[in-house]
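Heads up: the structure comes next, in structure tokens.
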2 protein chains.
Amino acid sequence: MGTRAGIVVTGTEVLTGRVIDRNGPWLAEQLRQLGVDVGHVVVVGDRTEDLQAALTFLTGTGVGLIITSGGLGPTADDLTAEVVGSFQGRPSAPDPALERRIADIVERLMARRGWKADPEATAAGVRKQAQVPAGATVLAPVGTAPGLVVPPAEGRTGPTVLVLPGPPAELQGMWTAAVTSEPVERAIAGREELRQQTVRLWGTLEAQLAATMREHEAELAGLEITTCLREGELEIVTRFAPSAQPAYDRFGALLAETYGDTLFSTGPTLDDLVAQGFAARGLTVATAESCTGGLLAGRLTERAGSSEWVLGGVVAYANSAKKELLDVPAAVLEEHGAVSAEVAVALADGARARFGADVGVGITGVAGPGGGTAEKPVGTVHICVAGPDGRQARALRLPGSRRVVRDRSVTMAMHLLRAMLVGGPPA
Amino acid sequence: MGTRAGIVVTGTEVLTGRVIDRNGPWLAEQLRQLGVDVGHVVVVGDRTEDLQAALTFLTGTGVGLIITSGGLGPTADDLTAEVVGSFQGRPSAPDPALERRIADIVERLMARRGWKADPEATAAGVRKQAQVPAGATVLAPVGTAPGLVVPPAEGRTGPTVLVLPGPPAELQGMWTAAVTSEPVERAIAGREELRQQTVRLWGTLEAQLAATMREHEAELAGLEITTCLREGELEIVTRFAPSAQPAYDRFGALLAETYGDTLFSTGPTLDDLVAQGFAARGLTVATAESCTGGLLAGRLTERAGSSEWVLGGVVAYANSAKKELLDVPAAVLEEHGAVSAEVAVALADGARARFGADVGVGITGVAGPGGGTAEKPVGTVHICVAGPDGRQARALRLPGSRRVVRDRSVTMAMHLLRAMLVGGPPA
């Protein structure tokens, strides 16, 4: 493979999980699209020696480029720029033009909030953010922090370090300027096309797939295949050089042949398929959720343009809400209980009727950890999708935590919608 | 500080962001509670040499324990156990008792799905999962994969490696057995108590806090302070040895004094405060959401027991739904438009009345990327909370993507609820 890169995500808040890192994966995917391979993402707290160790490690793996995210703020725990500068043998000094620019941004931010800043104290923070390693390329701030491209000092070898801010919007906003800067282009000059293909199965066990792959091992040379089981979906991602395209074509055909009854996508995600299905068929949808508490509506409205097909939904936690807002008959609730196949049907029908939608989805269940009974233990969930051509329903017994039960229920509802809208294997 | 540990998260699907890692942060927090400090989490793809490099790196940082997650499945890309075994100088061999146990589990799983397995092919996967490095301690499987504790071979020095499965439920289910196993206890014997305190500000700029901390730098010795700005909340987390408690007490008092108008918590999260507020005051709530599409209802119902106070909600994307399910007057919609302060009030009142709730929340806005106008650009959001003692409303102009606008709107609604329920600084 061609050029490799390493990623360092800084911040004690990321290391300890108070913030979920979105930068490492985002950067890895951007680099992959450029044909740059990533072997490691190192998450490191706000400590000088730990950051130095991470830089030393990645340099030792032979990468041509290291990208850091975070640690460019005004507080003392933000130390990336200085550490990278000294790691590359380029001592930092304040850049007066940059200092004025950042001071302007901070002043505007404070004025907008009606803050009166202590000018001297604020100036110290600004001065810190305007420190630039000698000979580094400055990337214009998107927020308050600039980006930096820091090659090794003259006469040294090693990777170029691209220093980016932590807030994802700032990092992403700076990306194009970063990768088109001369020193970064030079660092990834050896990149080569790396193709990636994805196949998604719904209802195949990983052990079964492993057996198939073992049988056909000899034919899979040149393919880097990774499989991942997530919420019942088995995702098979294959990366390969263009020369291995024939091998991939054979592998793809093998999967289609062996798993025709569970293969629901050769690319698009479940959410893509559902959105495309609604758009292409011109149908509208409304939801009626109990245990999932609005998560299905939230997921359906995640993408831009979803107001074209999502009319709305009702979260009916209380039984009174099920009756009054969704016309679930009191007799059905009494006879079968709120968690029942019959109530799921009534919820789907009620959502459809109340919103005047083409498709209605009803979900009712016991998400736990409390509320379970011998007959209806935690994880019991009933889902119904009612559409112009009839209804499809599922009764589930899901293992796992409250969060897992809620998420998996939403995913099952999405598969019922997918099967109704675009066909493919049953949900 | 006492004992340190390092974490290796394996899996190309994690490295490339197809799966968000929950194990690294979870493990780091568990270790912190035990008094074990974590300096690095390394995310690594499913490649032997990359995993070896990560183990070598962490060993070099002087840790006493390395924990790996993932790579214990039946497919060929799952290679952690074998790589760790050879790294520690302990060659792997099949464990017949473990092999029978895993075979039983796989057979049960397949039977449950009505699969007919090719026994020979499945057996190969089971045999792979039952490979145990010589002298390693086996932790009983929670799913199909066992955990392993692998000390360095006799006569070698270096950290003990604890090998755990990737699925979070399996990893967490194995944790107690893992940390109470003799070789892990020995590896973290030097641990020392490390205290952690959190202060949360809503509406203070990071630059302002940085200035305060710089002024008082001399008094903060012995405190490891990290600050993190997330969705408008400034979170200040401080870790310290018991001997630095007086220094922390002074720092806490300083924050309370300087930021009395924005300090809303000295521990609990925003969601904790809202849940505690509803429970303590015996009030119920219902939501009426447009641009947030159910995310507020989903967030309010995230925790167990929330059905005590959440009656439900309506996602009213279509104007017809606003009128028919929430009684928003047609005249108000026509005069002010769906995105307006007046409609937010009508939504809050409508949710309150329709669900018979004590508190109603209305949210309407332009989440983007389309739908903005000169007068109401993308990011324009109106929120109203109506309760027994009156209404509180906010008009926002939020920068950022569709996702950011939706999430930030929900957070602002949560702050309005927090201020109404438990007081503290205004939202």
Only unsatisfied item for A:Gly60, checking (1) without any contact (Cβ under 8 Å) to a residue 12 or more places away in the chain; (2) in contact with a helix residue (DSSP H, G or I) (Cβ under 6 Å, 6 or more places away or on another chain); (3) not hydrophobic (A, V, I, L, M, F, W, C), is (2)
For region A:1-20, the count of residues that are among the charged types (D, E, K, R) and at pLDDT 90 or above equals 1
### Message
Being farther than 17 Å from B:Gly35 by Cα, out of contact with any Asp or Glu (no Cβ under 9 Å at 6 or more places or on another chain) and assigned to a helix (DSSP H, G or I): is that true of B:Glu185 here?
### Response
no
Among B:Val274, B:Val310, the single one that is under 23 Å from A:Val314 (Cα atoms), under 23 Å from the mean Cα position of the chain (by Cα) and either at the interface with chain A (Cβ under 7 Å from one of its Cβ atoms) or not aliphatic (A, V, I, L, M) (or both) is B:Val310
Restricting attention to region A:363-412, the residues that are assigned to a helix (DSSP H, G or I) and away from chain B (no Cβ under 13 Å) number exactly 2
Listed by range, strands (runs of 3 or more DSSP E) wholly within region A:255-362 having at least 2 residues that are more than 30 Å from A:Thr198 (Cβ to Cβ) and at pLDDT 95 or above are A:285-289, A:310-316
**Q.** Condition check for B:Gly294: more than 30 Å from B:Gly313 (Cα to Cα) and in contact with a strand residue (DSSP E or B) (Cβ under 7 Å, 6 or more places away or on another chain)
**A.** no
A careful count of residues in region A:311-341 that are touching a strand residue (DSSP E or B) at 6+ places or on another chain (Cβ under 7 Å) and surrounded by 17 or more Cβ atoms within 10 Å (Cβ to Cβ) gives 15
Of the residues in region A:113-134, those that are small (Gly, Ala, Ser), at pLDDT 90 or above and buried (at least 16 other Cβ atoms within 10 Å of the Cβ) come to A:Ala130
Yes/no for A:Ala244 being assigned to a helix (DSSP H, G or I), more than 29 Å from A:Gly70 (Cα to Cα) and within 10 Å of another protein chain (Cβ to nearest Cβ)
no
Residue pairs within 6 Å by beta carbon, gap of at least six or interchain, first lying in region A:68-95 and surrounded by fewer than 24 Cβ atoms within 10 Å (Cβ to Cβ), second basic (Lys, Arg), listed first then second, are A:Gly89/A:Arg156; A:Pro94/A:Arg127
Only one of A:Thr157, A:Thr144 is part of a loop (DSSP other than H, G, I, E, B) and modelled with pLDDT under 90, namely A:Thr144
Counting only residues in region A:64-85 that are over 24 Å from the mean Cα position of the chain (by Cα) and among the polar types (S, T, N, Q), the one nearest to the other protein chains (Cβ to nearest Cβ) is identified as A:Thr75
Within region B:12-22, residues within 7 Å of chain A (Cβ to nearest Cβ) and of a type outside the set (D, E, K, R) come out as B:Thr12, B:Leu15, B:Thr16, B:Gly17, B:Val19, B:Ile20
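Residue-wise test of (1) in contact (Cβ under 8 Å) with a residue 40 or more places away in the chain; (2) within 7 Å of chain A (Cβ to nearest Cβ).
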site: B:Ala316; (1), (2): no, yes
site: B:Asp327; (1), (2): no, no
site: B:Val332; (1), (2): no, no
site: B:Glu342; (1), (2): no, no
site: B:Val345; (1), (2): yes, no
Scan region A:137-155 and tell me whether some residue there is among the hydroxyl-bearing types (Ser, Thr, Tyr) and more than 18 Å from A:Arg90 (Cα to Cα). yes
Practice item. Please tell me if A:Ala330 is in the same structural domain as A:Arg402 (by TED's automatic domain parsing) and touching a Gly at 6+ places or on another chain (Cβ under 7 Å). Key: no
Restricting attention to region A:23-59, the residues that are facing chain B (nearest Cβ under 8 Å) and either closer than 25 Å to B:Arg32 by Cβ or among the hydrophobic types (A, V, I, L, M, F, W, C) (or both) number exactly 17
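Listed here are the residues, each with its yes/no results for (1) more than 10 Å from chain A (Cβ to nearest Cβ); (2) buried (at least 21 other Cβ atoms within 10 Å of the Cβ); (3) out of contact with any helix residue (DSSP H, G or I) (no Cβ under 7 Å at 6 or more places or on another chain).
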{"residue": "B:Gln197", "(1), (2), (3)": "yes, no, no"}
{"residue": "B:Gly203", "(1), (2), (3)": "no, no, yes"}
{"residue": "B:Glu215", "(1), (2), (3)": "no, no, no"}
{"residue": "B:Ala221", "(1), (2), (3)": "yes, no, no"}
{"residue": "B:Cys228", "(1), (2), (3)": "no, yes, no"}
{"residue": "B:Ala253", "(1), (2), (3)": "yes, no, yes"}
{"residue": "B:Ala256", "(1), (2), (3)": "yes, no, yes"}
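The values are calculated or read from the model by the stated rules, or taken from the named source; none is laboratory data. Model, not experiment: these values are computed from the prediction. Every residue, glycine among them, receives a Cβ derived from its backbone with ideal geometry; neighbour counts consider all protein chains shown.
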